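Okay, structure first, notes after.
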Amino acid sequence: MFEFEYKGAGAGVIKAKKDSLYIDPKLSLYGTKDVATGGGVELATEPRFAVYNDAAKLVIDGPGEYEVGPFAITGFAFRRNIDSLEQGKKATAYRVVVDGIAIAVLGHIDNEISENQLEELGLIDVLIIPVGGNGYTFDGVAAARIAKIMEPKLVVPVHYADDTLAYEVPQNEVTDFISAIGAEDVEHVTKLKVKAASLPAAMTTVVVDRSK
């Protein structure tokens, strides 16, 4: 079992047992306070999204294989959505396995995911995917398409419009993604609790409301 809390932009916290995994915690990029990562593991989809807290157990900011506490993490190099082919692969998408549950953390990667990249990510139970669009990351339509290809049990949208954050590029509302994926009666929660035994049979979208 693990819990997921959304902190705004691409930031979130995966809590399992006594360990925490902090995704893209550098919220000062958006004019607010960074997520406190002391004692936990930082997981950055780009190096600029890491805090590099000296008190963190480990900072992961690129491809590779990592074992930290209950987390088995594999990072894969991807091209950023804002970059050309000539600029190479500057982003990392992650597969995180905890308590038998496979989580994909995609970040601001290119809209086109190849079959080989999908095979590397493997079967996914929970997909954490940005949906704000406007050339910066997946928009609602692209995110919905990727989710339908990956077929996770749970889809958690992140990085969408938020008046309290100073995004580099204006972001679309999360409702754009919900409409594109065709989800009905989407549940909003303040904390997502996930157990392997209670994963839904069909793909389900859950909006985790931002916690401070």
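What to note about this one:
- Options Glu42, Glu46: the member that is under 24 Å from Gly100 (Cα atoms) and touching a strand residue (DSSP E or B) at 6+ places or on another chain (Cβ under 6 Å): Glu42
Conditions (1) at pLDDT 95 or above; (2) aliphatic (A, V, I, L, M), marked per residue:
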residue: Phe138; (1), (2): no, no
residue: Val141; (1), (2): yes, yes
residue: Pro152; (1), (2): yes, no
residue: Val156; (1), (2): yes, yes
residue: Gln171; (1), (2): yes, no
residue: Glu187; (1), (2): no, no
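- Of all residues in segment 24-60, those satisfying the criterion of being surrounded by fewer than 16 Cβ atoms within 10 Å (Cβ to Cβ) and either under 19 Å from Lys90 (Cβ atoms) or basic (Lys, Arg) (or both) are Lys33, Pro47, Arg48, Tyr52.
- Selection status of Asp176, assigned to a loop (DSSP other than H, G, I, E, B), surrounded by 12 or more Cβ atoms within 10 Å (Cβ to Cβ) and either at pLDDT 95 or above or not aliphatic (A, V, I, L, M) (or both): no
- Where a residue in segment 145-172 is in contact (Cβ under 8 Å) with a residue 60 or more places away in the chain and its partner, wherever it lies, is charged (D, E, K, R), with Cβ under 8 Å and at least six apart: Asp162/Arg210
- Considering residues of segment 191-212 that are closer than 23 Å to Ser28 by Cβ and in a loop (DSSP other than H, G, I, E, B) only, the residue modelled with the lowest pLDDT: Lys212
- Lone qualifier among Gly39, Gly69, Gly10 - being out of contact with any Ser or Thr (no Cβ under 7 Å at 6 or more places or on another chain) and in contact (Cβ under 8 Å) with a residue 24 or more places away in the chain: Gly69
- Single residue of Leu43, Leu58, Leu29, Leu21 found to be more than 19 Å from Gly75 (Cα to Cα) and aliphatic (A, V, I, L, M): Leu29
- Checking each residue in segment 141-172 for being charged (D, E, K, R) and either under 17 Å from the mean Cα position of the chain (by Cα) or under 21 Å from Ile113 (Cβ atoms) (or both) picks out Arg145, Lys148, Glu151, Lys153, Asp162.
The values are calculated or read from the model by the stated rules, or taken from the named source; none is laboratory data. Every value quoted in this text rests on a predicted model; they were computed, and no experiment measured them. Using ideal geometry, Cβ is built from the backbone for each residue, glycine included, and neighbour counts are taken over all protein chains shown.
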